[in-house]
Structures are given as structure tokens and as C-alpha cells.
Amino acid sequence: MKLMISVDAGEQIEPGEDLRPNLAILIGGSIAIGLVSVLSLPGPVAIASIVLGVLMVTGADVDARTYLLPNLITWGATICGVGAAWFLDEPTSWLAISDAILRALCAAGLLALLRWIYGCIRHREGLGLGDVKLAAAVGAWLPLEVMPLCFGLATGGALLTILWRHLRGDRIERTMKIPFGTFLCPALWFAFYASRLPTG
């Protein structure tokens with residue numbers, strides 16, 4: 001089964017492909033995330049949540065329309081995640097940065113391995129490089145124990161969307177494309193937000 005999830009913006013961009021986000025979605029989503037973050041998270045964490053949220057709203061919107069995840073989003077989110085580790089864990093900043101980088105490398109490496117294995121077995125691409133790079137952002141932003149929640153939410157959302165389309169009568173092909181970044185982006189923000197909610 002081929003899931004051409006999303007390709008890296010540096011690979012192939014069709015002429016006229018618009019990688020700019022829909023302003024209405026970007027503004028509306030950013031305002032909603034900003035309000036939720038400011039009202040429920042401590043100041044520094046709220047700032048980090050808003051930055052991540054804006055990036056993820058943009059990535060989800062662009063991927064949904066184009067099946068592309070621009071490097072500005074994937075690399076930007078990864079760099080911001082490493083910076084957030086420094087910003088949010090001041091007593092152990094260098095350790096937090098090294099952990100974030102290690103998690104980012106491991107998450108991206110795991111998806112790259114899955115991409116390679118699928119290609120060897122099926123002789124075609126099943127996972128885009130943009131999703132591999134977005135996995136690095138997941139590792140940079142999330143603690144190790146929260147990462148399965150993020151990928152589980154994204155995968156569950158994608159499967160439910162396929163099921164919904166099937167129930168509506170749409171024909172589900174083996175070669176149909178699924179913009180996985182559209183699900184992974186909001187899952188990353190939500191997993192970060194939920195993991196940073198005050199517990200006391």
C-alpha cells in the first residue's frame with residue numbers, strides 16, 4: 001500500500017505551486033493557539049507554545065493543499081525546538097539542548113529507516129523527506145515519553161480520515177496520497193501543550 005505522505009519542498013515543486021499559507025487559517029489558528037496558551041501555560045512556556053503553534057498551523061495548511069512540507073517549516077521547527085530546550089530548562093540548559101538534538105536525530109533517523117525499508121520492499125517511495133524532517137522537530141520539542149503520543153495521534157487522525165472518506169463512498173486506492181504532515185503538525189503542538197500543562 002503506497003502512502004505518498006508528503007515530499008520535501010526541495011525535491012519537486014510543480015510550477016505555480018503555492019507554498020504560502022492561507023492567511024485566514026494562519027491568523028485564526030494562531031489566535032486560537034495564542035489564547036489557549038496564554039490562559040493555561042506559564043509565561044515562557046506559553047511563548048514557546050505560540051511559536052510552535054504558528055509553525056504547525058502553517059505546515060498543516062500547506063501540506064494539506066500541496067503535499068509539501070517546506071524546509072522553512074521543518075528546519076525552522078527543529079531549530080526552534082532546540083532553542084526552546086535552552087529557554088525552558090535554564091538550570092540544565094546545555095544538557096537540555098544535547099538531549100533535544102539527540103532526540104531529533106533519533107526520531108528523524110527512525111523515519112528515514114522506515115522510508116528506506118519501505119522503498120526496498122515496495123520499490124517506490126512511501127514517506128516523504130519532509131515528514132522525516134518534521135520528525136526531527138518532534139524529537140526536538142517533545143520528551144521521549146511523549147513522542148509516541150504525538151505519532152499515535154497523527155497516525156490515528158490519518159486513519160480516521162481514510163475511514164471517513166470510505167464511509168462517504170470515496171474510492172480508496174492503494175496509491176492514494178495522504179498528507180501526513182497535516183496530521184503530524186497539530187499532533188506535535190498538542191503533545192507539547194499537553195505535556196507542559198501545570199499539574200499542581
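Each value in this text was obtained by applying a stated rule to the coordinates, not by laboratory testing. Nothing here was measured: the structure is a model prediction, and the numbers come from that model. Heads up, the Cβs are rebuilt from the backbone with ideal geometry, glycines too, and the neighbour counts pull from every protein chain shown.
Against the longest principal axis of the chain, how steep is helix 129-141, in degrees 0 to 90 to the nearest 10, with axes from Cα atoms?
For helix 129-141, the angle is close to 20 degrees.
What angle, in degrees between 0 and 90 and rounded to the nearest 10, separates the Cα long axis of helix 71-88 from the longest principal axis of the Cα atoms of the chain?
Result, in degrees: 20.
Please arrange 147, 176 by counting, for each residue, the other beta carbons lying within 10 Å of its beta carbon, fewest first.
Fewest-to-most Cβ neighbours within 10 Å comes out as 176, 147.
Counting only trypsin sites (Lys or Arg not before Pro) that sit in a DSSP loop (anything but H, G, I, E, B) with at most 10 other Cβ atoms within 10 Å, what is the longest stretch of the chain containing none of them?
It runs 1-123.
If one takes the longest principal axis of the Cα atoms in the chain, at what angle in degrees, from 0 to 90 and to the nearest 10, does the Cα axis of helix 93-122 lie?
Taking Cα atoms only, the helix is inclined about 10 degrees.
Compute the separation of the alpha-carbon centres of the range 132-152 and the range 42-114 and state it in Å as a whole number.
Each part's Cα centre sits 9 Å from the other's.
I need 63, 131, 170, 89 ordered by Cβ neighbour count within 10 Å, fewest first.
By the 10 Å Cβ count, ascending: 170, 89, 131, 63.
Okay, helix-only estimate at 222 nm for the chain: each DSSP H run of n ≥ 4 adds -39500 (n - 2.57), divide by all residues, round to 500 deg cm²/dmol; what do you get?
-24000 deg cm²/dmol
Around residue 97, with a cut-off of 15 angstrom between Cβ atoms, what is the net charge of the other residues, counting Lys and Arg +1 and Asp and Glu -1?
Its environment carries a net charge of -2.
Multiplying the sequence separation of residue 125 and residue 162 by 0.36 nm and subtracting their Cα-Cα distance, what value in nm do you get?
Taking 0.36 nm per residue and subtracting the Cα distance, the gain is 11.4 nm.
Of 185, 120, 106, how do they rank once you tally other Cβ atoms within 10 Å and put the fewest first?
120, 106, 185
After finding the eigenvalues of the alpha carbon gyration tensor for the range 21-195, what semi-axes result from the square roots of 5 times each, listed largest first in whole Å?
Values for the range 21-195, descending: 28, 20, 13 Å.
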